[in-house]
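Input: a single structure, listed below in structure tokens.
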Amino acid sequence: MPYTIDFEPVGRRGPCPEGGTLLDAARALGVDLASVCGGYGTCSSCKVQIVAGLVTLPTLREHGELSLAELAQGYRLACLVEPLSDCRVHVPPESLTALQRTQVEGLEVPAEAQPSVANRVVQIAPPTLDDLRGDDERLCEALAADGVAAAMPDLEVAAQASTELRRLGWQARVTLRGSEVTHVAPVDAPWLGLAVDIGTTKIAAYIIDLASGKTLEARGVMNPQIAYGEDVIARLVCAGKGPDEAARLQTLLTDGLSQLATEACAAIGAQPTDIVDAVVVGNTAIHHLFLRLPVQQLAVAPYVPAVRAAVDVKAREIGLRLAPGAWVHLLPNIAGYVGADHVAMLLASGMAGRTDSTLAIDIGTNTEMCLAHGGRMTSLSCASGPAFEGAHIKFGMRAAPGAIERVRIVDGRVEYKTIGDEPAVGICGSGLLDVVAHLRRAGKLDAKGRLAGPDVREAEGDAEFVIADETVAGSRGAITVTQHDIREMQLAKGAIRCGIETLLQDAGITASDLQEIVIAGAFGTYIDIESAMTIGLLPKLPLDRVSQVGNAAGTGARLALISRTHRRQAQELAQRVRYLELARSPRFMRNFAEAMYF
């Protein structure tokens, strides 16, 4: 008989799968427990406290990831703990994903509304004893009279329309995609589209009025696949285990998107069945998981996508609950680790039309960047790792309430700001970036990244600098940045700067030749540019040459939704972009080694 697990304070209670861990129980009960490594015990992000009940003894890996004080207080890693009785488990706020700040704001790019669907208001002749034609024939006749030749209803639409037309008194607004009838609705019903940017960590969705192109509602949520690993490789490994695992990951995504669409529509007094067209972008791995395509080849060299071209698929065929005949368009991918979200970012930032030298970067666990120079666009990706999301950092957490997001060291005194002005419970990526930059400016960090100084202390064999002491941070103890944390930041910033230098060298230019650096993405929105330049993440340029544009991938998805012209431009962009494999660059190792210096 399975044991019952009570997760507090989230209020979820239910059985743990037989032979499963507390992480398995959290997944089954919908507890948004962080699991950056996918459940292999290497990230410590799924830390929980056993309040009551019996569990298995701490593993060697837990002894390595948790302090003796934490173990004594009942803290464990949920992915490595199996219950031996009914249990009550406390989940600290920093171990949850659901509260993370999501990024939906982005560029506002004007575009004429010319969507890939059209609509017609038609009056249809009702059947009589003298006119026994089918409802589909009547509908097509009315459309032909309105100038639409050879119209043909989707089968599910025809089934729905038969009832709907009678209810509407044989007058309706009909949505067409080419000659296919994809929706029949009341004349005054909303006519909506859905644009979605599916990030590895976050999802941004936009409800668009297709007639005007205006964004009516924007919503952001965590990607529910995070329960199976923040690192996309962990998800590919999970999906590659078999069809059941692949289906589970895809269903998580489509159910989450359907729920998000329902909530966004409710906010504007609409229904998800009013959504008649959709555009979805994401990296190549997310794209393949979303469509349930083979993913094994993405995890091994030479990292080739199963499908690179743009895809059109019926929403219902992939489990999205929209209008009965709605289609979903996915922009094309460029390579195994440069996907449709990169194409969308390039579309939104106008990279195709740049005549100067411009560098566009979308910073994340996997960072994609593109250099436009001399009429040519070259893109690459680099594995910057999850440090920017707070992973592998002693007090690291995602950008949630209570996370330290801004830090200054003034006259030896630490000043910081938390998200939501809540009590400090940890530090997120932008805060860590600030700490490292200010430690460097204050002379407490040398060019090689060694932490030293009179106010640097030793703890558990590692040097650390206190950001918030015990009197502020409370029962968790002081919040610190350790030498190990700095090394993790070094690796992340080194990977990104290595990518930048490789693109510049490939083009035969230097950073001083750049007229603009465009920083996109959620993390890029919140970083301090001066701090990024101080540690060498970005080359030192005048600040007016750097622009932060928010979720440009989401903007690109919106443009492709409301404009056939922009959708065509996205296809052309993907063909024009030259992909550079970073690891094959002859200067890769030298660039990376040099980029590690602060």
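Every read-out reported here was derived from the displayed coordinates using simple, explicitly stated rules and does not represent laboratory data. Please read these numbers as outputs of a predicted model, since none were measured by experiment. Here Cβ is always computed from backbone atoms with ideal geometry, including for glycine, and neighbour counts include all displayed protein chains.
Values as computed for the structure displayed
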quantity: Contact order normalised by residue count of segment 4-95, Cα under 8 Å, 6+ apart, percent; calculated: 38
quantity: Estimated FRET transfer efficiency (D513, T59; beta-carbon r; R0 56 Å; 0.05); calculated: 0.60
quantity: Descending Cα extents along the principal axes, segment 4-95, whole Å; calculated: 30, 25, 25
quantity: Cut-off 9 Å between beta-carbons: net charge of the residues surrounding L165, Lys and Arg +1, Asp and Glu -1; calculated: +1
quantity: Dipole-positive endmost among H183, S45, A266 within the chain (Cβ charges, Cα centre); calculated: S45
quantity: Inter-part distance where segment 1-47 and segment 242-256 are each reduced to a Cα centre, Å; calculated: 18
quantity: M533/R568 FRET efficiency (R0 35 Å; Cβ-Cβ; nearest 0.05); calculated: 0.40
quantity: Taking the chain and dividing mean pair separation by its residue count, relative contact order in percent (alpha carbons under 8 Å, at least six apart); calculated: 14
quantity: 222 nm mean residue ellipticity, helices alone, for the chain (DSSP H n ≥ 4; -39,500 (n - 2.57); rounded to 500); calculated: -9000 deg cm²/dmol
quantity: Student exercise, the chain dipole from Lys, Arg, Asp, Glu Cβ charges, in Debye to nearest 20; calculated: 1020
quantity: In degrees, nearest ten, helix 564-576 long axis to first principal axis of the chain (Cα); calculated: 50
quantity: Residues in segment 29-48 reached by a label modelled at E470 [backbone nitrogen below 17 Å; 7 Å Cα→Cβ]; calculated: none
quantity: Check: segment 387-489 dipole with +1 on Lys, Arg Cβ and -1 on Asp, Glu Cβ, in debye; calculated: 320
quantity: Alpha-carbon centroids, segment 169-209 and segment 265-293: separation in whole Å; calculated: 11
quantity: Exposure proxy ranking, count of Cβ atoms within 10 Å, fewest first, for D277, D312, D462; calculated: D312, D462, D277
quantity: Neighbourhood charge, 10 Å Cβ-Cβ cut-off, centred on C37 and excluding it, Lys, Arg +1 and Asp, Glu -1; calculated: -2
quantity: Length released on extending from D146 to H484, taking residue separation times 0.36 nm less the Cα-Cα span; calculated: 114.8 nm
quantity: Net charge of neighbours whose Cβ lies under 13 Å from the Cβ of M345, counting Lys and Arg as +1 and Asp and Glu as -1; calculated: -3
quantity: Normalised contact order of segment 374-437, rounded percent, pairs of Cα under 8 Å and 6 or more residues apart; calculated: 33
quantity: Mean-position separation - Cα centroids, segment 385-454 and segment 52-70, in angstrom; calculated: 27
quantity: Ranked H484, H373, criterion: other C-beta atoms within 10 Å, fewest first; calculated: H484, H373
quantity: Backbone HN-Hα couplings from phi across segment 582-596 [Karplus 6.51/-1.76/1.60, Hz, Gly and Pro as x]; calculated: 4, 5, 8, 5, x, 9, 4, 5, 5, 4, 5, 4, 5, 6, 6
quantity: Check: segment 172-327 dipole with +1 on Lys, Arg Cβ and -1 on Asp, Glu Cβ, in debye; calculated: 220
quantity: Fully extended contour minus Cα-Cα distance, from T4 to R133, at 0.36 nm per residue; calculated: 40.4 nm
quantity: Listed residue (G385, A424, V410) projecting farthest to the positive dipole end of segment 381-428, Cβ model; calculated: G385
quantity: Cα shape, segment 499-598, gyration tensor, a/c 1.5 rule; calculated: oblate
quantity: Additional length obtainable on full extension of the chain from T251 to R578, 0.36 nm per residue less Cα span; calculated: 114.4 nm
quantity: Kirkwood Rh, Cα atoms: Rg over Rh of the chain; calculated: 1.02
quantity: S179 versus R166: modelled label distance in nm, points set 7 Å from Cα along the beta carbon direction; calculated: 2.9
quantity: Ranking of E263, E458, E164 by count of other Cβ atoms within 10 Å, fewest first; calculated: E458, E263, E164
